[in-house]
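Inspection log for the structure reproduced underneath, given as structure tokens.
Just so you know, all these numbers are worked out from the coordinates, no wet-lab data involved. Just so we're clear, the structure is a prediction, and the values are computed from it rather than from any experiment. A quick note on method: Cβ atoms are made from the backbone with ideal geometry, for glycine too, and the neighbour counts reach across all protein chains shown.
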Amino acid sequence: MVLKEFVRGAKLVVDSGAWTDKPMPKNPPPFVLLKKRGLRLGNQWRWRMIELSIRDPANNPQVGRVLVAYQREKQEFFAVAGVDTPKGTMVLARFEYHYSHPGWHAHCCCSEPSVLSAGRMKFPDQRRLKRSATSTAGRDYLIDDRSAVSAIEDFFGLSGLDPLPPDVPEDPQKDLFNVG
């Protein structure tokens, strides 16, 4: 599966996950790359894992995942989309914003990645898409839960994700002055 097929294909959100500031658990890791080796984020990251049921071009069901994470203070954001394969998770794209590169950008495969690339976050088949090729071109870094969800919905072709956990009011300022 290539990124274009992932973005344009039918996807069903199996688990939309919840935002958390806690470090990622060791066992089992939420975003497994290869067997039990997974991506780990510490408590400085705010993150959320979204699990998807998707169909490959031959209409076979596949499990897909999108991990989205950000650090507001350091102005860093990334989202990783991948699909399960027998060899490990095949990372289709990394969508990022960080201070060491100018603006929003993505690292992705435009052709079918090699089976040797399964289980790796970075590999030679990936290419960097310039800022103008991403749907967030011109968008400054103003990331919170809502804008992070909006960015991944645009880039990965997702829809209907709830940007906030159920216990967070739609407008927090509204509840500050509600005395009764």
task = Convert each backbone phi in segment 98-106 into a coupling constant with the Karplus relation 6.51 cos²θ - 1.76 cosθ + 1.60 (shift: θ = phi - 60°), then list the ³J(HN,Hα) values in order as whole Hz, x for Gly and Pro.
result = 7, 4, 7, 10, x, x, 6, 7, 9
message = Suppose each label sits 7 Å from its Cα in the direction of the beta carbon; what would the Gln62-Glu5 distance come out to in nanometres?
response = 0.5
